[in-house]
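The values are calculated or read from the model by the stated rules, or taken from the named source; none is laboratory data. Predicted model only: the values in this text are computed from it and were never measured. Quick reminder, even Gly has a Cβ in these numbers, built from the backbone with ideal geometry, and neighbours come from all protein chains shown. The protein model used for the area step is the full one, side chains on, heavy atoms only, and it has no ligands, DNA or RNA in it. Shrake-Rupley method; radii C 1.70, N 1.55, O 1.52, S 1.80 Å.
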Amino acid sequence: MRTATAVVLAASTLTGCWKDDYAEIPPDVLQFQPPVEAPAGWLIQPFDVNLECPDGEQTRFYLLYPTAAVGGPPMAAALMLHGGSFDYVYAPDPVQPLEGSHYATPSRLTRQYAVHQIFASLGMYPEPVEGRADAGLLPTALAERDVAVLMPGNCWGDLWASKLGSAENVFIDDFFFRQGRAAAEWGWRFLIDPAFADVFDVELPIEVDPAQTYAIGLSEGGRGVAELLSIDNDEDGNPDYSPAGVLVDSPPDDLSVFLDDAGLYASVVEGLYRMYPEGESDTLRGSMYAAPLPPRVGYVYSSDDTDWPPEVHARAAQRIEDAGGWVHISGLPQSGVLNGGTDLALARDAVDYLLTGNVPARR
């Protein structure tokens, strides 16, 4: 395990964030420096993980944690799944499957993109997805409450839906295997099971309290949270993983909205069938309106969402509200309510709900 002194020395090489340029992000331990004021002494440590991206690189996970916790008692932690993870190549070449026209710009199918998206979510890199805004508000609010954050990189553009051997994409349509669901599951297990992490040479510098472990999804990452909640590897009828609470912000939850209108959403539907070959029945495991839910669930979106039609939220919001969870509907013309903009108070309210179950007052 790296000592706190070694970690601090590695982090001291960082002089600032990259919010104003597109400099390459070094694979070092770095200081957490979002645009808003954040607690001092929090670091971002990378881990290369043995899941192959379509560009042949291993994906990379990052852990946000306080130096003061190294060698200390177990602490709370959250798995945070980033957005911007839907892409495919319209007519891929079997030899060079990433060549050609992509659904999304820039391509979501490289490790570099996933790393950039993670640092954008931290508020430390220009947003690679046009029209989205991330300011690192949620990671800041989590750090204020002493909650570490593990962030897997999704380089597969699969809405966090696919896993080799159990939830496979249609290989002959893509000519590579997608592994977003595997990344979400491995990230969760890295937090709660050090022995599992050790198999993949991942040694976290902190100890995590499994009873205080949470899952958060931003945009498409919200579907990754639902996928995690749906996993039943032993097929005993019960979910394998039980987060203490979950929070999702603006996910494309109900994909039947697209599938039922293939004329209007032709390009979206073409991509969806690559990840969900059985159509709507396959999509249910990644939808909060259908997945098993823990007792504490928060669902946030904007009625003027610029990424998804508002109908995608209706069934999940109703189900969660009926179950006594927290539903917050913003009127801001943006996608990504909690982590973008300037409303740090709302991000703090969301984190407080996640940790305590105290439903925020209506705003």
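Here Gly298, Gly357, Gly324 are screened, and the one residue that is of a type outside the set (Phe, Trp, Tyr), open to solvent by less than 40 Å² (accessible area, probe 1.4 Å) and farther than 16 Å from Gly217 by Cα is Gly357. Among residues of the stretch 226-246 that are under 21 Å from Val208 (Cβ atoms) and in contact (Cβ under 8 Å) with a residue 12 or more places away in the chain, those with a beta-carbon under 9 Å from a residue that is hydrophobic (A, V, I, L, M, F, W, C) and open to solvent by 60 Å² or more (accessible area, probe 1.4 Å) at least six positions away or on a different chain give the pairs Ala244/Ala211. Scanning the stretch 149-168 for residues that are at negative phi, assigned to a loop (DSSP other than H, G, I, E, B) and touching a residue at least 40 places away in the same chain (Cβ under 8 Å) yields Pro152, Gly153, Asn154, Cys155, Trp156, Ala161, Ser162, Ser166. Annotation: of all residues in the stretch 327-354 being of a type outside the set (Ser, Thr, Tyr) and in a strand (DSSP E or B), the one that is surrounded by the fewest Cβ atoms within 10 Å (Cβ to Cβ) is Ile329.
Regarding the stretch 312-320, can at least one residue be identified that is in contact with a Pro (Cβ under 6 Å, 6 or more places away or on another chain) and more than 14 Å from Ala161 (Cβ to Cβ)? Among the residues of the stretch 312-320, at least one is in contact with a Pro (Cβ under 6 Å, 6 or more places away or on another chain) and more than 14 Å from Ala161 (Cβ to Cβ), which makes the answer yes. When the stretch 192-243 is filtered for residues that are open to solvent by 10 Å² or more (accessible area, probe 1.4 Å), among the acidic types (Asp, Glu) and in contact with a Pro (Cβ under 7 Å, 6 or more places away or on another chain), the ones remaining, listed by number, are Glu207, Asp209, Asp232.
For the stretch 261-295, the set of residues classified as closer than 18 Å to Phe86 by Cβ, touching a residue at least 40 places away in the same chain (Cβ under 8 Å), outside any helix (DSSP H, G or I) and open to solvent by 50 Å² or more (accessible area, probe 1.4 Å) consists of Pro277 only.
The single condition among (1) in contact with a His (Cβ under 9 Å, 6 or more places away or on another chain); (2) crowded, with 19+ Cβ neighbours inside 10 Å that Val70 does not meet is (1).
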